[in-house]
Amino acid sequence: MDYRRFFEDAIDQLHAEKRYRVFANLERIVGKFPRALWRDAGNIREITVWCSNDYLGMGQHPDVIKAMHDASSRMGSGAGGTRNISGNNHPLVELEIELADLHQKEAGLVFTSGFVSNEASISTIARLLPNCLIFSDELNHASMIEGVRRSGAEKKIFRHNDLAHLEELLKAAGKERAKLIVFESVYSMDGDIAAIAAIADLAEEYNAMTYIDEVHAVGMYGNRGGGITDREGLSHRIDIIEGTLAKAFGTLGGYIAGPRSVIDAVRSYAPGFIFTTALPPVIAAAATQSIRHLKVSQEERRRHQCQAQLTKDVLAQANLPVMKSETHIIPIHVGDPELCKKASDRLLDLHGIYIQPINYPTVPRGTERLRITPTPFHSNELVVELKDALVEVWTALGIPFSKESAPSIENSDRVVTLAISKAGG
């Protein structure tokens with residue numbers, strides 16, 4: 001049997017569907033974020049990244065880098081093994097205390113990634129609850145879906161942010177059965193927000209546990225950067241809050257925070273935690289410093305929201321098909337996988353702008369898009385540069401604008417000036 005052929009056929013299928021993924025060879029430049037070096041075919045070119053999940057640029061904050069350097073000089077690079085084998089490195093203990101405090105919970109538990117934290121936590125919690133029934137939003141992240149699947153529990157999928165549908169399913173389940181509602185605060189592909197208070201109301205009425213994924217919100221929202229639950233004063237109404245250290249906090253890892261008994265049970269039963277090497281002390285120290293900084297500093301969040309809104313306004317006024325978003329995530333609709341890839345390639349090759357195409361299965365077929373994530377370091381000038389580049393690419397490739405015709409350069413420049421003036425830039 002020619003085993004290799006099956007894998008070649010699988011890759012050929014991706015090429016045929018125009019959704020084969022290509023990753024750019026990039027090297028970020030400390031002190032010049034969001035600029036990076038792009039290596040391609042032996043050439044090196046400086047470009048601007050517009051799709052980073054390092055939303056606040058904390059991955060290059062001097063205090064975060066210093067914390068990492070200090071930890072490496074004292075403790076070396078690695079963790080030395082699983083916590084079962086090597087114990088807890090001290091920076092990891094400090095990090096979990098910091099995370100519990102961030103979300104006003106009794107305890108926290110750190111994993112090596114956000115994917116692992118969702119998969120391991122959801123599957124373990126549901127497995128330990130007797131005859132658990134899971135209610136999962138239809139747009140939940142793949143890591144949450146995998147956690148639901150691995151739990152072996154019965155599941156019900158409710159329509160995205162549809163409270164009436166969720167209540168219908170909860171009512172049918174009855175109040176006595178163990179139930180777990182899993183959902184996100186910020187949905188990363190559309191940038192919309194869950195009705196957290198209303199879901200908490202339903203959970204209380206129908207006696208269900210709640211588990212929220214705040215990975216695209218921690219650091220970004222709330223007075224201390226605890227996410228949407230922090231901003232809306234709802235942390236105490238959600239049982240388990242899951243987050244990441246790899247986005248706004250600029251490092252690596254995932255975590256959960258919640259009641260001490262639940263955290264201890266996940267720590268004691270989850271294979272994804274027990275049998276995985278611990279997060280290295282250098283990463284834990286850097287993450288702790290980042291969290292501490294964002295608990296007290298509002299400047300990064302303030303500037304970030306300003307530039308995100310400016311980018312939305314400028315792109316929308318240029319008739320680009322900006323999809324509705326309540327947050328810092330700005331999806332630009334393309335609707336075709338091949339055109340999406342061509343748009344991404346042309347932006348990089350011709351304009352020195354990197355935006356990775358988002359195709360199926362990350363988003364439904366027909367909703368392919370470019371996903372833009374401004375940061376506090378994307379200046380007004382970079383916003384104008386992005387707008388001009390997108391207008392050129394949309395025109396050159398014949399991608400539909402939100403209105404019948406592309407904007408003239410004169411009118412486009414005028415609305416940009418008005419948008420920047422309005423934003424106070």
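The values are calculated or read from the model by the stated rules, or taken from the named source; none is laboratory data. Fair warning: this is a prediction, and the values are worked out from it, not measured in the lab. Note that we place each Cβ from the backbone using ideal geometry, even for glycine, and neighbour counts take in every protein chain shown. All accessible areas refer to the heavy atoms of the entire protein, side chains included, with ligands and DNA or RNA removed. Shrake-Rupley method; radii C 1.70, N 1.55, O 1.52, S 1.80 Å.
Using the heavy atoms of the protein chains alone and a 1.4 angstrom probe, what is the accessible area of the chain per residue in square angstrom? Don't skip to the end; give the middle numbers.
Numbers: 18910 Å² over 425 residues.
With all protein chains present, the chain gives 44 Å² per residue.
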Obtain the nm distance between the two label points defined at Tyr3 and Asp201 by a simple spin-label model: each point lies 7 Å from its Cα along the Cα-to-C-beta direction.
-> 5.7 nm
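Once the Cβ-Cβ distance between Asn43 and Asp12 is put in as r, and R0 is 25 Å, what FRET efficiency do you end up with, to the nearest 0.05? The partial results should precede the final answer.
Details: r = 29 Å, r/R0 = 1.15.
According to the calculation, E is roughly 0.30.
Looking at segment 70-145 from every direction and averaging, what is the projected area of its Cα convex hull in nm²? Provide the component values of the computation, followed by the final result.
Details: hull surface 28.8 nm².
That works out to 7.2 nm², a quarter of the Cα hull's surface.
Restricting to Cα pairs below 8 Å that are 6+ residues apart, what does the relative contact order work out to for the chain? Please round to a whole percent.
Working: 809 pairs, mean separation 84.3, N = 425.
Across the chain, relative contact order equals 20 percent.
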Helix 62-75 sits at what angle to the longest principal axis of the chain, using alpha carbons and giving 0 to 90 degrees rounded to 10?
-> 50 degrees
Which percent of the Cα-Cα distances in segment 2-134 go past 18 Å?
-> 77 percent
In sequence order, calculated HN-Hα J values of segment 251-268 (Karplus, 6.51, -1.76, 1.60; Hz; x Gly/Pro) = 10, 7, x, x, 7, 10, 9, x, x, 4, 5, 5, 4, 5, 5, 5, 4, 8
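Could you quote the convex hull projected area for segment 270-408, Cα atoms only and averaged over all directions, in nm²?
11.6 nm²
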Taking alpha-carbon centroids only, segment 271-336 lies from segment 340-391 a number of Å equal to 16 Å
Under 25 Å between alpha carbons - lysine pairs in segment 210-364 that sit 8 or more apart or on different chains | 9
Extension gain, Glu138 back to Arg267 (0.36 nm per residue minus Cα-Cα distance, nm) | 43.7 nm
Centre separation in Å (Cα based) which lies between segment 1-70 and segment 144-185 | 35 Å
Name the trypsin sites (Lys or Arg not before Pro) in segment 79-165 that are in a loop by DSSP and that have at most 15 other C-beta atoms within 10 Å, would you?
-> Arg159
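Leaving out ligands, DNA and RNA, what percent of the accessible area of segment 178-221 is carbon and sulfur, probe 1.4 Å? Please report the intermediate quantities before stating the final value.
Numbers: 440 of 870 Å².
Answer for segment 178-221 is 51 percent, counting heavy atoms of protein chains only.
In segment 359-399, what is the volume of the convex hull around the alpha carbon atoms, normalised per residue and reported in Å³? Show your work: numbers first, answer last.
Values: hull volume 2.9 nm³, N = 41.
Looking at segment 359-399, the number lands at 70 Å³ per residue.
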Quarter of Cα convex hull surface for segment 142-205, i.e. mean projection, nm² = 4.6 nm²
Whole-angstrom Cα spans of segment 202-323 along principal axes, big to small = 53, 44, 29
Percentage of Cα-Cα pair distances in the chain greater than 34 Å, rounded to whole percent?
-> 36 percent
By how many degrees, between 0 and 90 and to the nearest 10, does the Cα long axis of helix 196-205 differ from the longest principal axis of the chain?
-> 30 degrees
Got a number for carbon plus sulfur as a percent of segment 1-59's accessible area, 1.4 Å probe?
-> 52 percent
On the protein heavy atoms, probe 1.4 angstrom, tell me the percent of accessible surface of segment 242-343 carried by carbon and sulfur.
-> 54 percent
